[in-house]
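A short worksheet on the structure shown next.
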Amino acid sequence: MHPQAHTHDERSAVTDGASTSELENRTHSGDEDSIGEELSWRLDPKISFSDWTIVVTPVGGKSTSSTEYHVHKNIIAVGPRRSKYFSAMLRSSSLLSEHLDSTSKISLDAKAAATFPLMLSYMYSPPNTPLELSTQYAAPLRFLASYFDVRSLLHDVNEFIRKDLTCRTAPIYIAEGDSFQDEKLIDFAVRVCSENIEGIYIGLVAALPPHLLLQVVKSPKLRCKSTWLSKIISEFCRNQPESIDGDILRELTGADLMPEIIEEEAIFLLKMCADHGLDDDEEGSLKRRCINTFASMWKEELAKPLSVSMLGIKDNRQELENNETMSSVSSSSRASALRTREKRASSKQSHNTSLRASSDRGSFVGQHFFAVYKSLPPTVQVELLESALCCAMKDVDTLHQSKENEINRLHGECKAKSAFKVVEKSKLPQR
C-alpha cells in the first residue's frame, strides 16, 4: 500500500479522537485566517500573493519616509476602477526598470502621499461602492485621480466637490487647489467665494495667500459691500503682516474695489499706509479715503479721547504746582491750604471721573483708535486733525443752519397766527 493511502477504517480512526470544533480550529489556524478575507492591499503580501509594490515618498512635508504598498496587477491595471497609468506601464516593454523588481517608485506632494491609501481602497472596492470622502481629502484625491488616470474616481470626486463646495468650504478649496495647481478647481471655488463672500467667516478669507485673495476680490462675480471688503482686507493685514508690501496693499485697496472704508478700520488702514509708504494725497487714494472717513467721526474718535487725555495732563500739571506751593508756606498755612485743596480736588475729581466715565461708555473703542492715531507720523496726525476740523466746522454750520431754519419756521408760524387773528377779528360784527 502507498504510504499516504489510508483505508476507510483508518480515516475514521483519525477523526474519532478529535471533535468537529477542534478540526475547524486546525483548518483555520495560523496565517491562513486571512485567506478568506476580501482581497486588499492591506493584507500581508505573502497571504494575498501580491505581485507588485508601489513605493510612495512624500515631498514637501515634515516626514520624508517612504511607504510601501503591496498591490495586485489585476486590480490596479484591469477592471472598471483601474488606473490607466499603471495599465499602460504594466503593458509596456519589460525592459523598464520597474519590471526588474516589480516595483514602482513615486514621489508625491505630502498631502497627496497621505491620501494615496484612499485611492487604493477605492480601486479595490466593488464598482458600485459609494465614495466616502471629506473636504480635506477632496482636492488631493482629485489630483491623484487625474495623475494616475482613474476615470471613475475622478468622476466621483468631482460629484462630491460639486455638492460640498459652498461658501463655508470655498476658501479651503481655493487654498487646496493652489497647492495642486488645479486651475479649474481654483476658478470654481473663487466664483463661489466671490458671490457669497459676505456670508463667509472673515478669518477664512483673510487666511488666503495674497495672490489668491486678489483673485477673489478682483473676480467679476464679487458681490460685496465696500465697507465689508475693508474689514476683510484689514483682517488680512493683521493676520499676515509679513505678506504685505506697498504694491499688494495698493492692489487690494484700489478705489474701484473699495471706494468706502468702514469707520472702525479707517485708522488701522491709515497706519498701514504710513508703514508701507502709501502717502499719495490725490483724491481717491487709500490715505485720503481713510482720513476722510476717520475725520467724519471727529467727535467720538478724536474729541472725546483727546479731552480725557488732556484732563490727565492738566491733573498732573496742577499736582506739580500745588506741591511747589506747599513747600514754600508755613506749617499752619500749609494745613489750611491742604484742607482747601482736598475739597477742590474732591469736587474736581468727581467732575473729571464723570467726564471719563461718559467718554468710556460712549467711546471705549475710540480710545484705542486714539492710541493708534498717536502712533502715526506727525505730518499725518496734522492732516487728520485739519480734516477733522473741517468736518467739525461743516457740522457746526449745518447745526446753525438747522436752528436758523427752525427759528424762521417758528417765526413764520407766529406771523401766520397773528394775521389769522386779525382777519378773524375783522369779521366780527361792529357794535
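The values are calculated or read from the model by the stated rules, or taken from the named source; none is laboratory data. Just so it is clear, the model here is predicted, and its values are computed rather than measured. So basically every Cβ, Gly included, is an ideal-geometry build from the backbone, and we count neighbours across all protein chains shown. What goes into the accessible areas is simple: the full protein's heavy atoms, side chains included, and nothing from ligands, DNA or RNA. Shrake-Rupley method; radii C 1.70, N 1.55, O 1.52, S 1.80 Å.
Against the definition (open to solvent by less than 80 Å² (accessible area, probe 1.4 Å), assigned to a helix (DSSP H, G or I), modelled with pLDDT of 80 or more and β-branched (Val, Ile, Thr)), how does VAL396 come out, yes or no? Show your work before the answer.
Numbers: open to solvent by less than 80 Å² (accessible area, probe 1.4 Å): yes; assigned to a helix (DSSP H, G or I): yes; modelled with pLDDT of 80 or more: no; β-branched (Val, Ile, Thr): yes.
Considered against the rule, which asks whether it is open to solvent by less than 80 Å² (accessible area, probe 1.4 Å), assigned to a helix (DSSP H, G or I), modelled with pLDDT of 80 or more and β-branched (Val, Ile, Thr), VAL396 comes out as no.
Residues being touching a helix residue (DSSP H, G or I) at 6+ places or on another chain (Cβ under 7 Å) and under 24 Å from ASP247 (Cα atoms) are represented in the range 158-174 by at least one member.
In this structure, VAL55 does not qualify as open to solvent by 50 Å² or more (accessible area, probe 1.4 Å), touching a residue at least 24 places away in the same chain (Cβ under 8 Å) and touching an Asp or Glu at 6+ places or on another chain (Cβ under 7 Å).
Answer yes or no: is there a residue in the range 163-184 that is part of a loop (DSSP other than H, G, I, E, B), open to solvent by 30 Å² or more (accessible area, probe 1.4 Å) and of a type in the set (A, V, I, L, M, F, W, C). Walk me through how you get there before you give the answer.
From the range 163-184, those part of a loop (DSSP other than H, G, I, E, B) are 165-169, 180-182; that's our starting set.
Those still in the list that are open to solvent by 30 Å² or more (accessible area, probe 1.4 Å) too: 166-168, 181.
Adding the requirement that they be of a type in the set (A, V, I, L, M, F, W, C) leaves 167.
Yes.
Assessment of the range 72-94 against the conditions (free of Cβ contacts under 8 Å to residues at least 12 places away in the same chain and under 25 Å from GLU183 (Cα atoms)) yields no matching residue. Mind checking whether some residue in the range 285-305 is surrounded by fewer than 16 Cβ atoms within 10 Å (Cβ to Cβ), at pLDDT 90 or above and assigned to a loop (DSSP other than H, G, I, E, B)? No, the range 285-305 has no match at all. Of the residues contained in the range 16-39, one or more are found to be modelled with pLDDT of 90 or more and either among the aliphatic types (A, V, I, L, M) or open to solvent by 40 Å² or more (accessible area, probe 1.4 Å) (or both). The residues listed here are GLU324, GLU265, GLU251; of these, the one that is under 25 Å from ALA170 (Cβ atoms), open to solvent by 30 Å² or more (accessible area, probe 1.4 Å) and either at pLDDT below 95 or in a helix (DSSP H, G or I) (or both) is GLU251.
If you go through the range 96-113 and pick out every residue that is hydrophobic (A, V, I, L, M, F, W, C), more than 20 Å from HIS72 (Cα to Cα) and not in a strand (DSSP E or B), you end up with 2. Each residue in the range 185-208 was checked for being surrounded by fewer than 16 Cβ atoms within 10 Å (Cβ to Cβ) and either within 10 Å of PRO171 (Cβ to Cβ) or out of contact with any helix residue (DSSP H, G or I) (no Cβ under 7 Å at 6 or more places or on another chain) (or both), and 4 pass.
Restricting the first member to the range 95-106 and to residues that are open to solvent by 70 Å² or more (accessible area, probe 1.4 Å), and the second to residues that are modelled with pLDDT of 80 or more, the beta-carbon pairs closer than 6 Å and six or more apart or on different chains are LYS105/VAL55. When THR135 is tested against (1) modelled with pLDDT of 95 or more; (2) surrounded by fewer than 17 Cβ atoms within 10 Å (Cβ to Cβ); (3) of a type in the set (Val, Ile, Thr); (4) over 19 Å from CYS193 (Cα atoms), exactly one condition is not met: (4).
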